[in-house]
1. Kindly list the number of the only condition in (1) crowded, with 16+ Cβ neighbours inside 10 Å; (2) free of Cβ contacts under 8 Å to residues at least 60 places away in the same chain; (3) in a loop (DSSP other than H, G, I, E, B) that fails for Y109.
2. Among what's in region 114-157 and is of a type in the set (G, A, S) and under 18 Å from the mean Cα position of the chain (by Cα), pick the residue that is surrounded by the most Cβ atoms within 10 Å (Cβ to Cβ).
3. Spot the failing condition for W66; the list is (1) within 21 Å of E24 (Cβ to Cβ); (2) modelled with pLDDT of 95 or more, and only one is missed.
4. Restricting to region 112-122, name every residue that is in a helix (DSSP H, G or I) and either in contact with a strand residue (DSSP E or B) (Cβ under 7 Å, 6 or more places away or on another chain) or of a type outside the set (A, V, I, L, M, F, W, C) (or both).
5. Condition first: at pLDDT below 70, in a helix (DSSP H, G or I) and surrounded by 12 or more Cβ atoms within 10 Å (Cβ to Cβ). Now tell me which residues in region 3-34 satisfy that.
6. Considering each residue of region 35-67, count those that are of a type outside the set (K, R), free of Cβ contacts under 8 Å to residues at least 40 places away in the same chain and surrounded by 14 or more Cβ atoms within 10 Å (Cβ to Cβ), and give that number.
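The values are calculated or read from the model by the stated rules, or taken from the named source; none is laboratory data. Keep in mind that what you see is a predicted model, and the values were worked out from it rather than measured. Cβ placement follows ideal geometry from the backbone for every residue including glycine, while neighbour counts extend to all protein chains displayed.
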Amino acid sequence: MKILKKIGRTLLFILIVVQFFSPEKNEGDVTSLTTFVEETNPPDEVHKIMKTSCFDCHSNSTRYPWYSNITPVNYWMADHVKEGKKELNFSKWGNYSLKRKEHKMKEFYEQVEKKEMPLDSYTWTHSDANLTDAQIKIIVDWAKGVQSNYAAQLKAN
């Protein structure tokens, strides 16, 4: 019994100490999305949906909930955002080539259409990010149009 108390106290001490360490947060400026928004011109409804369902993990500006200050949750979230931005970062849209924009837009609408995005792990804690079938259709129709425009530009070049 004494050993279990020692182990419990040690684990509690470690848990308290690690709370003083945290990864860097992804709290960039929202204006980093300006190029993407101006270039793709999403309707207000699409922009609103993307703001609540996409930009936290796929831009340089993440809205953090209260529990993001708790270790180890903060490390898990930091890794999740890092991976999301590595795959697609709307804040870096202006740096993407035309071919990459066309490809990323196609991947984007395909994953939304297949309900692979947003991830379940995100929507569990962000219920407003759950997309209805109507929202999925709005996003997919818009993104297909944007992707088609990029494809036409590539063909013309």
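1. Looking at each condition in turn, Y109 falls short on (3).
2. It comes out as A143.
3. (2)
4. The first filter runs over region 112-122 and keeps only residues in a helix (DSSP H, G or I), leaving 112-113, 120-122.
E113, D120, S121, Y122, listed by residue number.
5. Of everything in region 3-34, those that are at pLDDT below 70, in a helix (DSSP H, G or I) and surrounded by 12 or more Cβ atoms within 10 Å (Cβ to Cβ) turn out to be L15, V18, V30.
6. Qualifying residue count, region 35-67: 9.
Let's see how each residue does on (1) over 14 Å from the mean Cα position of the chain (by Cα); (2) not small (G, A, S):
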site: T31; (1), (2): yes, yes
site: V37; (1), (2): yes, yes
site: N41; (1), (2): yes, yes
site: K51; (1), (2): no, yes
site: F55; (1), (2): no, yes
site: H58; (1), (2): no, yes
site: T62; (1), (2): no, yes
site: W76; (1), (2): no, yes
site: G84; (1), (2): no, no
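Let's see how each residue does on (1) under 30 Å from S22 (Cα atoms); (2) among the basic types (K, R):
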position	(1), (2)
N95	yes, no
R100	no, yes
K104	no, yes
K114	no, yes
M117	yes, no
W124	yes, no
A129	yes, no
D133	no, no
I139	no, no
